[in-house]
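Worksheet: the structure to be examined is printed underneath.
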Amino acid sequence: MFAALESALSLALAWENLVGVVAGVVLGVSFGALPGVTGYGGIALGLPFTFFMPTVPAMAFLLGIYKGGMFGGAISAITFGVPGEPSSAPTVFDGFPLAKKGKPYTALNTALYSSIAGNLLADLAVIFTFAPMGVLSLKFGPRELFALMFVCLATLVIFMEGRIIKAIIGTMIGFFLATIGPDPIMNYPRLGFGIPELEAGIGLTPFVVGLFALSEMLIQFSESLAARGKGWQLETTEDLRQLIRDPSPSDRFSVRDWFTTTWRETLLGSGVGIFLGALPGPGGTMSAFTAYALAGRLSKNRGRMGTGIPEGVAAPEAADSATVGPSLIPLFAFGIPGSATAGLFMGAFMLQGIAPGPGLFTDYMDIMLAIFMIMLAGTVANLVISKVVMIPVFARLGLIDARILIPVLMPLMILGMYAIDNRPFDVLIMVGAGLLGLLLQRLEISLAPTVVAYIIGPMLEKHFRRGLILSGGSVTYWFASPIALGLYIVGIVASVLLLRRKKT
Amino acid sequence: MRVESGKKKGRTEYVFYISATLISIALIVYLWSQPWAYTKTGDGLSMAAFPTVFAAGLLIASMTGAILKGRQEEHSQPSPKEEPPLLWPVILLGGGVIASTLGLWYFDAVISSSLLVFFLLFAGRVRDWRLLAGISVGTGLLIYVLFILVLGVYFPRGWLR
């Protein structure tokens, strides 16, 4: 064991591995920070290059992209109000208003520190509880996953805010839109409405980016047009200053400020992310929304959530980043990729001639230990690169006048959506989702239930119908598992307590 | 800045609830006019079961909303709330996005993007020609480097290429 540790340490500290992880982080943060280009796309882009690399540098490179991309998504969400990744959507709720208040550094630093903390806690959890977490994730069959979806659904009560009817309408719209596309059991296209492209379903990224980003851009653009009645020319340096404002001198946020303000939300988010990340299905987006929703009820500042406070940034960012390590557990332990990103990692292992699964820790012990060490190194690299380079650049970019910023962001978003699957239809989906988002915002219907329902919907249906097939229609099947029963109780108790807490 | 009164907003909400009710009825009718809605799968449900439940949920919620809103309207007080008009920005941005997407085929990804930037800047009343030209060309270059050189995305070959 000690020999393997020694060998792993020398492997992890090899210069090519450190270069790989740093290059990966730079690429991941940059891709995540650009609206329309996702960190997932970065991993997919980097995958073919790993074919020419040895195993550890290849994994270091991909892990760097994965970790960097998670924080990069928050940069775009905070600076432009455009979630760089679907999982960064809840960061927009407080991060963007905080930046608009003239505090982009506060928002970005909160996101960075919480992301790093979530990442670090998750890495440690993976390293020390790898085996039991792997076993736990395998105990989740259709009924347990259905019960888990029930718990996630129960957190939606948090978004009701005295507007129950509106929240239900938002939820039902999300659920219905999620049913468009192939049936989860038969894989037969349904609800295409005669449009062949629609039969493939509505992609999550164009939907979320349209719903949050395009609708926000429409609002900002209209405000900007309404605010300045006449055309203007760039004639003096004062005009240029108006265009690119300086950050406020009061916008300082130290690690101490972050810790004293947001430690609860960061811990809460990390816990949610580690748990949901290890399970197949929920992923970063669901974790971030659940953490934001829980923080909305449990935070000391819960009454001000959504107005631009660091606590509202910390919870989803910690949760999102905390899913990175745990999402790879089912892959490492059993060779089962629990998410699309884990699937790409599986491909990377296969390219190296390694079959992920139980044999990983017997046949490649030193490599796996080195990968664990590189996960920690990637977190440190993410902190340094983001703090020194990315935050100062993007905090200033976000202060550019909306009339300049939005026209530049629009083509990036359009081509980014097109580039996901080379499908022009995704751009139209983004436009449609943007108009829907605008309508819902104008009617004061929260966008969160729509997105959460959209993500949960297919999983809810799939696990329920799989459960029906397995149980042969028996009702007792759904309550025979202690895990499922426990989750139902947690869901009911949590929703009642959360509702009562709101009333008090 | 145009002012949208609380009364007008209430009417908008009422129209939304009624529209959502009608749309959900249409969805249920559409669902049950599909041949696959009557075929049960191995789980004993048809492929239309879940969509029907969600459409029915939308129907009930929007009907309830319309009824409650109708009652509320009788006693409501107008509360002014300032909101900028959205029609033109929606037409400008939405139309620009669709035209630019179509432009991928007829022109070229880089050129259609530069044109979109130019159009939106001009629509945003930016009248400095150096700024208009610089930002449009600069964005085109960024797109060329990022999407074509770095990401290697294949865009349709417009007639300009």
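What follows is calculated from the coordinates using simple rules that are stated; it is not laboratory data. Note that the coordinates shown come from a computational prediction; the quantities given were computed from them, not determined experimentally. Quick reminder, even Gly has a Cβ in these numbers, built from the backbone with ideal geometry, and neighbours come from all protein chains shown.
When the convex hull of the C-alpha atoms of the stretch A:1-128 is computed, what volume per residue in Å³ does it have?
Taking only Cα atoms, the stretch A:1-128 has a hull volume of 104 Å³ per residue.
Per 20 Å bin, what is the whole-percent P(r) computed from every C-alpha pair distance within chain A?
Answer for chain A: a P(r) of 24, 57, 18, 1 percent.
What does the average come to when, for each residue of peptide B:55-61, you count the partner chain Cβ atoms lying within 10 Å of its Cβ?
Mean partner shielding for this stretch: 5.
Could you tell me the distance between the Cα centroids of the stretch A:293-308 and the stretch A:158-215, to the nearest Å?
26 Å
Using the count of nearby Cβ atoms within 10 Å as a rough guide to exposure, how do B:ILE28, A:ILE414 rank from fewest to most?
On the way: B:ILE28 17, A:ILE414 28.
By the 10 Å Cβ count, ascending, the order reads B:ILE28, A:ILE414.
Over the Cα atoms of the stretch A:396-504, compute the convex hull volume and normalise it per residue, giving Å³.
223 Å³
Per residue of the stretch A:171-187, in order, report the coupling 6.51 cos²θ - 1.76 cosθ + 1.60 (Karplus, θ = phi - 60°) as ³J(HN,Hα) in whole Hz, putting x for Gly and Pro.
5, 5, 4, x, 4, 5, 4, 5, 7, 6, x, x, 5, x, 9, 8, 6
Rank the residues A:LYS103, A:LYS300 as a footprinting-exposure proxy: fewest other Cβ atoms within 10 Å of their Cβ go first.
Values: A:LYS103 23, A:LYS300 10.
The most exposed by this proxy come first: A:LYS300, A:LYS103.
Taking amide H positions as placed 1.01 Å from N in the peptide plane, with prolines and chain starts having none, which residues 5 or more places from A:ARG190, or on another chain, fall under 5 Å of its amide H?
Here A:GLY181, A:ASP183 satisfy the definition.
Could you work out, residue by residue across B:126-132, how many beta carbons of other chains sit within 10 Å of that residue's beta carbon, and then give the average as an integer?
Across B:126-132, the average partner-chain Cβ count within 10 Å equals 5.
Per Stokes-Einstein, at 37 °C and 0.692 mPa s, what whole-number D in µm² s⁻¹ belongs to the stretch B:87-150, with the Kirkwood radius over Cα pairs as the hydrodynamic radius?
272 µm²/s
What residues have an amide H closer than 5 Å to that of B:ASP128, excluding those fewer than 5 places away on the same chain, when H is modeled at 1.01 Å from N in the peptide plane?
Result for B:ASP128 returns A:LEU234.
Can you give the mean number of other chain Cβ atoms that lie within 10 Å of the Cβ atoms in peptide A:181-192?
Mean partner-chain Cβ count within 10 Å for A:181-192: 4.
Show the residues, 5+ positions off or on another chain, whose built amide H is closer than 5 Å to the amide H of B:SER46.
Answer set, sorted by chain and number: B:THR41.
Roughly how many Å is it from the Cα centre of the stretch A:28-100 to that of the stretch A:8-24, as a whole number?
20 Å
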